[in-house]
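Student: Quick one: this structure, given as structure tokens, is what I'll be asking you about.
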Amino acid sequence: GLFKVAQNTAQTFATVAEAATEFARQGLSAEETLQRVNDALVLTRLSGMDATRSVEALTAVVNGFGREGLNTTEIINRLANVDAAFAVSSKDLADALSRAGATAQGAGVNFNELLAIVTSVQQQTARGGAVIGNAFKSIFTRIQRSKVRETLEGIGVATTDSMGGFRSAIAILKDYASI
């Protein structure tokens, strides 16, 4: 299977084996490992990242958005589509998503929303994906702090829904922007 992945992705067997080793450490089945290796090496070709960094980025995104049930193929397809349609690279997207994914999901932000806001910020600022990802990680973490929530409530921005649950960080930021 690894030889076929190497052939399909135009990568050396050593590169494929390195990526497979990283995924095998995660306790994945042989089938899952082959699929993720293939997807990581497609990301490597799209983004210019090395295989290890592609494996790390995909793993972080899958783990960060695990509740959405995304697989690596879906992630790669979405990154490639955004890369082709907007002035943002797959590398910058992967960097931002891997840094902010887990905190974004904790703040009620789904994969597509995070992908969209990273793309928008990248186009407007030309900052790198790592910088954007770290910024959103900070924003999503801080917006959930009690003092920040109290301050937002004090200026008329609701942070909880009618059931008392935390609203999506995107909804809160939209309301804040309209003040």
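What follows is calculated from the coordinates using simple rules that are stated; it is not laboratory data. Just so you know, these numbers come straight off a predicted model, no measurement behind them. With ideal geometry, Cβ positions are generated from the backbone for all residues, glycine too; neighbour counts draw on all protein chains shown.
Student: Would you compute, for the Cα atoms of segment 11-61, the largest minus smallest coordinate along each principal axis and list the three values in descending order, in whole Å?
Tutor: Dimensions of segment 11-61 along the principal axes of its Cα atoms: 27, 25, 14 Å.
Student: Roughly what would the spin-label model give for Ala80 and Gln124, points 7 Å off Cα along C-beta, in nm?
Tutor: 3.0 nm
Student: Tell me what the chain gives for mean residue ellipticity at 222 nm when only DSSP H runs of n ≥ 4 count, each as -39,500 (n - 2.57), the sum divided by the residue total, rounded to 500 deg cm²/dmol.
Tutor: One gets -23000 deg cm²/dmol as the mean residue ellipticity at 222 nm.
Student: Working from Cα positions, state the angle (0 to 90°, nearest 10) between the long axis of helix 129-142 and the longest principal axis of the chain.
Tutor: Helix 129-142 sits roughly 40 degrees off the main axis of the chain.
Student: May I pose another question? Convert 4 °C to kelvin, take the viscosity as 1.567 mPa s, use the Kirkwood radius over C-alpha pairs of segment 106-159 as Rh, and evaluate the Stokes-Einstein diffusion coefficient in µm²/s, rounded to a whole number. Don't jump to the answer; show the numbers that get you there.
Tutor: Working: Rh = 12.3 Å.
Roughly 105 µm²/s, to the nearest whole number.
Student: When we measure straight from the Cα of Lys174, which lysines land under 29 angstrom away, once same-chain ones fewer than 8 places off are left out?
Tutor: Lys174 reaches Lys91, Lys137, Lys147.
Student: Identify, among Gln124, Phe3, Ala57, the residue whose Cα sits farthest towards the positive end of the charge dipole of the chain, taking +1 on the Cβ of Lys and Arg and -1 on the Cβ of Asp and Glu, with the dipole about the Cα centre.
Tutor: My answer, from the dipole projection, is Gln124.
Student: Please report the base-10 log of the normalised intensity I(q)/I(0) for segment 21-111, using a Debye sum with one equal scatterer per alpha carbon and no solvent, at each q in 0.13 (1/Å).
Tutor: Values returned for q = 0.13 Å⁻¹ are -0.38.
Student: What translational D, rounded to a whole number of µm²/s, comes out for segment 1-158 from Stokes-Einstein when the hydrodynamic radius is the Kirkwood one over Cα pairs, at 20 °C and 1.002 mPa s?
Tutor: 131 µm²/s
Student: I would also like to ask the following. Give me the Å³ per residue figure for the convex hull around the C-alpha atoms of segment 129-179.
Tutor: Measuring per residue, one finds 80 Å³ for the Cα hull of segment 129-179.
Student: How large is log10 I(q)/I(0) at q = 0.13 Å⁻¹ when the Debye formula is applied to the Cα atoms of segment 82-132, each weighted equally and without solvent?
Tutor: -0.25
Student: Same structure again: Using only the alpha-carbon atoms, how far is helix 90-106 inclined from the longest principal axis of the chain? Give it as 0 to 90 degrees, nearest 10.
Tutor: On a 0 to 90 degree scale, this one is about 50.
Student: 7 Å from Cα along Cα→Cβ at both Asn63 and Glu150: what's the point-to-point distance in nm?
Tutor: Taking the two extended label points, one gets 3.4 nm.
Student: Could you give the angle, 0 to 90 degrees to the nearest 10, between helix 13-24's Cα long axis and the longest principal axis of the Cα atoms of the chain?
Tutor: The angle comes out at about 50 degrees.
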